[in-house]
Amino acid sequence: MNFFLLLKNELSMYFLRKEDNVMQTLKSAIHIEAHERNAQRWANIEEEELQMLAKTLQIEEEENH
């Protein structure tokens, strides 16, 4: 059983090492969070969260260059 858990963890880490996969995972998490927070406003909440994520990534990229 431990071997399968280790394998699952390694596959998860391999998946998340690719930037596109990380971004898609974050976008999916934001979508789920926004929908659960308020079903009527989920689209607005999702858009706000995605804008904050984009700003954060832009700031991080500017600091690294």
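Details
- Using a simple spin-label model with pseudo-atoms 7 Å out from Cα toward Cβ, Y14 and Q51 lie 4.0 nm apart.
- Solvent-accessible heavy-atom area per residue, rounded to whole Å², over the chain at 1.4 Å: 91
- Estimated distance in nm for a label pair at L6 and E63, the labels positioned 7 Å out from Cα along Cα-to-Cβ: 3.5
- Charged-residue dipole, Cβ positions (Lys, Arg, Asp, Glu), the chain about Cα centre, Debye nearest 20: 360
- One quarter of the convex hull surface built on the alpha carbon atoms of the chain amounts to 6.0 nm², the projected area averaged over directions.
- Accessible surface of the chain, 1.4 Å probe, proportion on carbon and sulfur as whole %: 57
- Selected from N9, A43, T56, residue furthest toward positive end of dipole (the chain; charges at beta carbon): N9
The values are calculated or read from the model by the stated rules, or taken from the named source; none is laboratory data. Note that the coordinates shown come from a computational prediction; the quantities given were computed from them, not determined experimentally. Using ideal geometry, Cβ is built from the backbone for each residue, glycine included, and neighbour counts are taken over all protein chains shown. Heavy atoms of the whole protein, side chains included, go into the accessibility calculation; ligands, DNA and RNA do not. Shrake-Rupley method; radii C 1.70, N 1.55, O 1.52, S 1.80 Å.
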